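Asker: Sharing a structure with you now.
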Amino acid sequence: MTSPPNPDGLLPLPVATFHILVAVADQDRHGYAIMQDVAARTDGALKLSPGTLYGSIRRMLEEGLIVELSERQRPDEDDERRRYYRITPFGRAAAQAEAARLATLLRQAKAVGLAPGRA
Amino acid sequence: MADRTIGERVYRKLLRLYPRDFSDDYAHEMTQLYRDRIRDEGPTSVWLALVADLARTAPREQLSTLAQDVRHARRTWRRTPVLALAAILTLALGVGANTAVFSVVHGVLLRPLPYPDPDRLVEVFEDNSRAGGGPFFRVSLLNYLSWVERAQSFEALAAFNGRDFTVTEHGDPERIFGSAVTASLFKVLGIAPIVGRALTAEDENPAAAPVAVLAESLWSRAFGRDPAVVGRTITLNGLRHQIVGIVPTAFREIGRTQIGSAGAGQIFIPLSMDTAQNRGNHTLRVVGRLRQQVTLDQARDEMRRVAAGMQNEFPTTNRNWSAWIERPQRSMFDPRVRLSLLVLLGAVGVVLLIACANVANLVLARATSRRRELAVRAALGARPARLARQLLTENVSLALVSGVCGLTMAGLSMQALRTLIPATIPRADEIRLDGTILAFGLFITTASGVFFGMAPAIRGARASLLPALTQNGKGAIGPSHHLWRRGLVVAQTGLATMLVVMAALLLQSLVRLQQVPLGFEPVGVLTARVSTPQVKYPDAAAMLEFQRTLLRSLETLPSVRAAGLITSTPFAPGVRRGVTVRDRAAGGGSLEPSASAVEQVVSARLFRALGVTLLAGREFGAQDQPGSPLVAIVSEGLARRLWASSDGIGRALELDGRGHEIVGVVGDTRGTDGTARGGGLDRDPQPVLYVSSEQHPQGTVSLVIRADATPQAIVPAIRTAFREIEPTLPIPDLRPLDEWIAESAAQPRLTTTLAGAFAGAALFLTVVGIYGVISYTVSQRTQELGVRIAIGASRISVVGLVLRTGMTWASAGIALGLVGAWSASRLIAGLLFGVSATDSFTFALTALALAGVAALACTVPALRATRIDPVIALRGD
């Protein structure tokens, strides 16, 4: 029995990967929806281009962070087939590990006065 | 299906820039994305962003796929390490050898000379073809000056002459080579001194204070690059010269003097404009820089006209002398050196081809054994193009690994290579591994990889699924597969045949070269250059007395049988003066009134020391003194050329305007060509005119000593004798004459050795190749052979069957190879001596050898075939 893969091996996650994981963490989304969600959350600072988006999606599929859903999730909303993506437990663990890493960094920055707020 | 707008169609086409896998998976979604964004954002901003995105991410995805393929390649090769190692070694040797040979060819032949605008540089000769001499004669000072006055085609002309310098600065006197050059050489070469000043025309005045310019290498070695050296004086041949400048290594004699010269000169003095010379005294080499718009042919025409005018103006000296111009890149090479290098490059390229054929067979076999794996992957959805790409990547990455190994090997052997190159090949010091060589190495590596990787990649990708999945991989192979292997074996054998023929011809040629009659006896002879110090012995009488004392003292040494002096010992470095001699009694029983010959000033016992046969008359002796009537001895060839008979005793020849009586005729000797080392062993003996050293005193001469014992044993005694007679003279560099003769054959010997090595490698690779293919064929035909044995075929007939298959292919290859060798033979005809390029004996012997070797390669698999157990074979396992 092989041991479960360790998400720490993937850290630090590439920026695009982390944002995509955040986008599909609470609900399954298709490509364009992920793009819009990321853009909205970052106030337009990070606009994922199609090449970056699907390149990342492809790698995340290989690494097991997300899975593809073959059927339409929202038959009433869409008029055509779209591929939806869902986060996996491993992907969730990886996103949590990355968030923890970022939180540690933020705490350290606050301690020396580089970030607003108290440590 | 929604309507596709033009924009969408264009976008879909652009998506093909991504790897097929990627675009197959995501093109649909990306097009959907495109539609959504156009709807929400408008075309302009979307298209701008998309173009940027494509430019950025498409190459990234392609690289990522490539990286994946390379990782996969590494994994698959690790599964068959022996095969991988065999392929890598074979290719590495091929690439390494090719790179090494190419680095020599590039450094010596191809790289442009290190001067500004090097294509404008030319060398100018006096051309004596009209009178039977060659077109590469040295130039007399007066003719050179006339050319400078009259010729319009040149920006500048310069002349130079090699000099031996005895330098006495610290401790023992040292001998350094250099030249006397005209100041214009700086302009012709386009080189400025790195310290101090260049030579000027004023320095050339015979009355000017003596100055000298040193080469950078000497400046580093002897003076530690101290700039204060400029202004100091240095004693050269007993005379103090002021050092006025330091020049870089590129400042040197270029052109024909580089044939046979061991290295560049290190001291340069101005060429003294001593116009009281004879116009017929050809001593100088001349180089020039053509004017911008002047072509080589135009310059040649002009010089011919100028020379023709001078023939009329100076009939006594210039009759039948024209002028010839050649590029130094051509004139500095014996044409055979260029040919040898190119032939070797071709040969080593053929070895690489054979190596690639071997590796191709290996890889083909591997692809066949992987048919199952490939079929499964195809069934799982891998497209043929993708599989082919992966297979090609496997093979090319193997090739690249071999290439790196090969280039490393070549790089490590650079040093050894430079020592192997005979000193007689010019520019050998310019051989190095630089960007061009590495690019060449990379190119042949990739080309090899594609060459042997292409076919298996295509074949592997088209592997038909069903048979591969149901059977165990053996069984009927497609006929085209067999054709490839057969073709490779035929090609290998043919190429190997060609190389073996060539190597055999070169070997015979070398053997004949080394057996050629020399006309003298080199065994037991030592020779060295000796310069009489000018300052201590300023006039002819003093010089002669010094030389007489030297010879007398040397002959008293035990085991020295004879000692003599000669202008230049055959095959050893020296100066060889071309002269024109004229029969004084012209019109009275002579064939040609004049002939050109090489002049040799010799002492009385020189012929005995050198071992030259006296054919008629007498040698020089006590009666030939400085004041006595001038005498001369002719070589047999000269006598025949002048008088159509080998007897000339009593006749009179005019040399430099003075009459000489012929008192003897000696045998012809080789090694007295008008070049720095006397020409090669293959050159016919030149006509020689010998005059007495008593009557034509010469300062710098070659010493010839014949000894009983092994020459090396008496060198210390000779040295002591020298030191006793003249302590200010540097001890001459005594070498056995045999060594100089061996060195003159060094280049053909190297070519033959390398050609032999390449032929041997080709033969070995071909044997391995044939063995591999026949083994494989036997293993594929196990069932059939098992059946034959089961129904009663004898072992012999099985062996015969296998042999027949192999030998048919090999014979086809040998036949093609012989035809190829026949047609290509004229390419190496220029390198051969004493053997024809289409020598039937050699061809026949090669064919037999190749057939024998091929039969041997087939024997082991054939014997293995006889041990097939029919029961196991018939089980079809």
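Asker: Among residues belonging to the range B:265-278 that are of a type outside the set (Ser, Thr, Tyr) and surrounded by fewer than 20 Cβ atoms within 10 Å (Cβ to Cβ), point out the one that is modelled with the highest pLDDT.
Answerer: Ranking the qualifying residues of the range B:265-278, first place goes to B:Met273.
Asker: Which of the residues spanning the range A:69-87 are modelled with pLDDT of 90 or more and either within 13 Å of another protein chain (Cβ to nearest Cβ) or part of a helix (DSSP H, G or I) (or both)?
Answerer: A:Tyr85
Asker: Can you tell me which of B:Ala586, B:Ala616, B:Ala639, B:Ala622 is farther than 30 Å from B:Phe546 by Cβ, in a loop (DSSP other than H, G, I, E, B) and either of a type outside the set (Lys, Arg) or modelled with pLDDT under 90 (or both)?
Answerer: Values: B:Ala616 fails: in a loop (DSSP other than H, G, I, E, B); B:Ala639 fails: in a loop (DSSP other than H, G, I, E, B); B:Ala622 fails: farther than 30 Å from B:Phe546 by Cβ.
B:Ala586 is the lone residue from the list that is farther than 30 Å from B:Phe546 by Cβ, in a loop (DSSP other than H, G, I, E, B) and either of a type outside the set (Lys, Arg) or modelled with pLDDT under 90 (or both).
Asker: Ok, one more. Within the bounds of the range B:127-136, is there any residue that is open to solvent by less than 10 Å² (accessible area, probe 1.4 Å) and either assigned by TED's automatic domain parsing to the domain that holds B:Gly265 or in a loop (DSSP other than H, G, I, E, B) (or both)?
Answerer: For the range B:127-136, residues open to solvent by less than 10 Å² (accessible area, probe 1.4 Å) and either assigned by TED's automatic domain parsing to the domain that holds B:Gly265 or in a loop (DSSP other than H, G, I, E, B) (or both): present.
Asker: Suppose we filter the range A:1-36 for residues that are within 14 Å of another protein chain (Cβ to nearest Cβ) and farther than 19 Å from A:Leu69 by Cα; how many remain?
Answerer: Qualifying residue count for the region: 3.
Asker: Next up: Output the helices (runs of 4 or more DSSP H) that fall wholly within the range B:307-387 and possess 1 or more residues being in contact with a helix residue (DSSP H, G or I) (Cβ under 9 Å, 6 or more places away or on another chain) and modelled with pLDDT of 85 or more, or say none.
Answerer: Details: elements: B:315-318, B:328-331, B:335-369, B:371-379.
Hits in the range B:307-387: B:315-318, B:328-331, B:335-369.
Asker: With the structure loaded, tell me whether A:Thr42 is of a type in the set (S, T, N, Q) and either touching a residue at least 60 places away in the same chain (Cβ under 8 Å) or under 13 Å from A:Met60 (Cβ atoms) (or both) or whether it fails that test. Steps first, answer last, please.
Answerer: Numbers: of a type in the set (S, T, N, Q): yes; either touching a residue at least 60 places away in the same chain (Cβ under 8 Å) or under 13 Å from A:Met60 (Cβ atoms) (or both): no.
When the stated conditions are applied, A:Thr42 does not pass them.
Asker: Could you tell me which numbered condition B:Val860 fails, if it satisfies all but one of (1) surrounded by 13 or more Cβ atoms within 10 Å (Cβ to Cβ); (2) at pLDDT 90 or above?
Answerer: (2)
Asker: Could you say which residue among B:Arg71, B:Arg12 is modelled with pLDDT of 90 or more, open to solvent by 60 Å² or more (accessible area, probe 1.4 Å) and more than 12 Å from every other protein chain (Cβ to nearest Cβ)? First the steps, then the outcome.
Answerer: Details: B:Arg12 fails: modelled with pLDDT of 90 or more.
Among B:Arg71, B:Arg12, only B:Arg71 is modelled with pLDDT of 90 or more, open to solvent by 60 Å² or more (accessible area, probe 1.4 Å) and more than 12 Å from every other protein chain (Cβ to nearest Cβ).
Asker: Can you name the residue in the range B:696-712 that is in contact with a strand residue (DSSP E or B) (Cβ under 8 Å, 6 or more places away or on another chain) and of a type in the set (Gly, Ala, Ser) and is also most open to solvent (accessible area, probe 1.4 Å) among such residues?
Answerer: Checking each candidate, the answer is B:Gly699.
Asker: Considering the range B:332-370 alone, what residues qualify as being closer than 30 Å to B:Gly678 by Cβ and open to solvent by less than 30 Å² (accessible area, probe 1.4 Å)?
Answerer: B:Met332, B:Phe333, B:Val337, B:Ser340, B:Leu341, B:Val343, B:Leu344, B:Ala347
Asker: If I go through the range B:487-539 residue by residue, how many of them are touching a helix residue (DSSP H, G or I) at 6+ places or on another chain (Cβ under 9 Å) and acidic (Asp, Glu)?
Answerer: Adding up the residues that qualify gives 1.
Asker: Being closer than 14 Å to B:Gln600 by Cβ and either among the β-branched types (Val, Ile, Thr) or in a strand (DSSP E or B) (or both): is that true of B:Ile633 here?
Answerer: Against the criterion (closer than 14 Å to B:Gln600 by Cβ and either among the β-branched types (Val, Ile, Thr) or in a strand (DSSP E or B) (or both)), B:Ile633 qualifies.
Asker: Out of the residues in the range B:279-304 that are without any contact (Cβ under 8 Å) to a residue 60 or more places away in the chain and exposed (fewer than 14 other Cβ atoms within 10 Å of the Cβ), state the one that is farthest from B:Leu655 (Cα to Cα).
Answerer: The selected residue is B:Gln293.
Asker: Looking at the range A:37-58 only, could you name the residues that are of a type outside the set (A, V, I, L, M, F, W, C), more than 9 Å from chain B (Cβ to nearest Cβ) and within 16 Å of B:Glu61 (Cα to Cα)? Outline the logic, then answer.
Answerer: Here is the first cut: in the range A:37-58, the residues of a type outside the set (A, V, I, L, M, F, W, C) are A:37, A:41-44, A:47, A:49-52, A:54-56, A:58.
Add one more test, that the residue is more than 9 Å from chain B (Cβ to nearest Cβ), and what stays is A:37, A:41-44, A:56.
Hit for the range A:37-58 is A:Ser56, nothing else.
Asker: Before we move on, is B:Arg4 more than 9 Å from chain A (Cβ to nearest Cβ) and at pLDDT below 85?
Answerer: So B:Arg4 fits the description; yes.
Asker: If you don't mind, there's one more thing I want to ask. Only residues that are of a type in the set (A, V, I, L, M, F, W, C) and surrounded by fewer than 16 Cβ atoms within 10 Å (Cβ to Cβ): list them for the range B:305-331, please. Before the answer, list the steps.
Answerer: Taking the range B:305-331 first, the residues of a type in the set (A, V, I, L, M, F, W, C) are B:306-308, B:310, B:314, B:321, B:323-325.
Correct list: B:Ala308 only.
Asker: Could you give every pair whose Cβ atoms fall below 9 Å, whose first residue belongs to the range B:175-190 and is free of Cβ contacts under 8 Å to residues at least 40 places away in the same chain, and whose second residue is open to solvent by 30 Å² or more (accessible area, probe 1.4 Å), counting only separations of at least 6 or pairs across chains?
Answerer: Pairs that qualify, where the first residue is free of Cβ contacts under 8 Å to residues at least 40 places away in the same chain and the partner is open to solvent by 30 Å² or more (accessible area, probe 1.4 Å), are B:Ser184/B:Val148; B:Ser184/B:Ala201.
Asker: So, of the residues in the range B:22-39 that are facing chain A (nearest Cβ under 9 Å) and over 18 Å from B:Ile6 (Cα atoms), which turns out to be surrounded by the most Cβ atoms within 10 Å (Cβ to Cβ)?
Answerer: Only one residue fits best here, namely B:Tyr26.
Asker: Scanning for something touching a helix residue (DSSP H, G or I) at 6+ places or on another chain (Cβ under 6 Å), away from chain A (no Cβ under 13 Å) and within 30 Å of B:Ala410 (Cβ to Cβ), does the range B:46-66 turn up at least one residue?
Answerer: There is no residue in the range B:46-66 that is touching a helix residue (DSSP H, G or I) at 6+ places or on another chain (Cβ under 6 Å), away from chain A (no Cβ under 13 Å) and within 30 Å of B:Ala410 (Cβ to Cβ).
Asker: If you don't mind, another one. It is to be established whether one or more residues within the range B:218-225 are modelled with pLDDT of 90 or more, farther than 30 Å from B:Arg418 by Cα and not in a loop (DSSP other than H, G, I, E, B).
Answerer: There is no residue in the range B:218-225 that is modelled with pLDDT of 90 or more, farther than 30 Å from B:Arg418 by Cα and not in a loop (DSSP other than H, G, I, E, B).
The values are calculated or read from the model by the stated rules, or taken from the named source; none is laboratory data. None of the values given here were measured: they were computed from a predicted structure. Please note: Cβ atoms are built from the backbone with ideal geometry, for glycine as well, and neighbour counts cover all protein chains shown. The accessibility values were calculated without ligands, DNA or RNA, using every heavy atom of the protein model including side chains. Shrake-Rupley method; radii C 1.70, N 1.55, O 1.52, S 1.80 Å.
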